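In what follows, a structure is listed as structure tokens, so that the remarks can point back to it.
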Amino acid sequence: MCSQWLKIPCLYNQLQLKTTLTGGQSFRWKIHEPSSDEFIGVFANVVWILKQTQSELLYKIVGELPYPNPTNQDVCEGSLAKRPKKGKTSEQGNLAKVRLKVPEPDSFSGKGSNLLYPPSYYEQLLRVYFRLDVDLEEYYRQWNKCHSHFESNAGQFYAVRQLDQDPVENLFSFICSQNNHILRISSLVEKICSNFGEQICEYDGTTYFNFPDMRALAAPQVEQQLRDLSFGYRAKYIQKSAEEILSKGGLEWFHQLQNLSYKDAHKELLTLTGIGPKVADCICLMSLNHLQAIPVDTHVFQIARHYMPHVGKTKGISGKLYVEIGDKFREIYGSKAGWAQTVLFCADLNKFKEDAQITSNGKTKSGTESCPKTEFKKRKPAKSGIK
């Protein structure tokens, strides 16, 4: 599509690309060119290649689809069934923005362009996705003052950004995360895309697909199809949740969750089949802009011992303790406690401690992929409770 590198001004101390993309937030990024720390991945119906210098974020567009496609209907009555046109209603604009986080432009690129939209559109997508409007150095300074544990452990992970993701992809990806590790989660997410999404392009020997709309996942036969693809009990959770979200209003429901308080949005997510407190917090934090959400898994449970000594005397995460840990992080780190926790989560992972050796210019010494294992306690699946 676009063979040349486009760029956005972005200092390396404001974005650590490797840790941000491979630290367990999104599961669709992988190393593309190890020698130059290039990453390839999909979001917003676009296949991207990203890399960075000390002063810029560089990107290529190697494939894309217009949003929304004529066959995609995420909302009951098909209110988004056709691609937005000039003069679209504010409601349509809001709903399109729920998934992309950026409204689709009214105009397309002119003749001779290899891109569907003007370059400013892709820049805006990246700025929102990485939350580049946030001065992360300032937040690190604040978090360093909040607690000595952050100051002593987060230095190596100097610019971990909290991604702002498509809530549809985020929700179903984290259903896949239950009792799983990153490599397998990534595999399951790609199976969802390749079996239910639309092909974007073929590039460098790999076929890339977008993440499907909810209607494609809500059909009754989807559960068995997913079981045949080795999703296990997660197959039911995916199909039922998609069905339930559509009955609640589809993308409009997600739009409402973004406007609710964190606690109310979390409570509403728990009404879905297969969504427990931790997955609900992942969705709140990573795609609904509730940056105070704290997903408590075994890593965060271990981190909590630095703040709550009595946690070390317990063997598991009860519902009461789960809430207590989240409240403690919020008390210490404030309205963006979930972002601070993401930094500490990355710092706690042994894989990152081994692979992400940072040199003085902000680049990694090794080009190998950092894909830490996210550990979850094995237990019987249930509709509610800690997962």
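The values are calculated or read from the model by the stated rules, or taken from the named source; none is laboratory data. Computed from a predicted model, the values in this text were never measured in an experiment. Here the Cβ is made from the backbone with ideal geometry for all residues, glycine too, and neighbour counts use every protein chain on show. With ligands, DNA and RNA removed, areas are computed over all heavy atoms of the protein, side chains included. Shrake-Rupley method; radii C 1.70, N 1.55, O 1.52, S 1.80 Å.
Over region 173-214, one equal point on each Cα, no solvent: what is log10 I(q)/I(0) by the Debye formula at q = 0.13, 0.27, 0.28, 0.33 Å⁻¹? Computed log10 I(q)/I(0) values: -0.29, -0.91, -0.94, -1.07.
Considering all different alpha carbon pairs of region 116-267, the Kirkwood hydrodynamic radius works out to 18.3 Å.
Scaling the Cα radius of gyration of region 181-319 by the globular reference 2.2 N^0.38 Å produces a ratio of 1.22.
At an R0 of 25 angstrom, the distance between the Cβ atoms of VAL134 and ARG305 translates into a FRET efficiency of 0.30. With the biggest extent put first, the Cα atoms of region 111-167 measure 56, 22, 17 Å across the principal axes.
Using heavy atoms of the protein chains and a probe of 1.4 Å, the accessible area assigned to LEU183 is about 110 Å².
LYS236 accessible area, nearest 10 Å², 1.4 Å probe? LYS236 exposes around 90 Å² with every protein chain in place.
Would you kindly state how much longer the chain becomes between LYS320 and LYS191 on full extension, computed as 0.36 nm times their sequence separation minus their alpha carbon distance, in nm to one decimal?
42.9 nm
Over all directions, the projected convex hull of the C-alpha atoms in region 249-333 averages 5.8 nm² in area.
In the complete set of protein chains, residue-level accessible area for LYS267 is approximately 150 Å², probe 1.4 angstrom. Take the Cα of SER36, step 7 Å toward its Cβ, do the same at HIS149, and the gap between the two points is 4.1 nm.
Give me the distance between the Cα centres of region 98-161 and region 195-230, rounded to whole Å. One Cα centre to the other: 27 Å.
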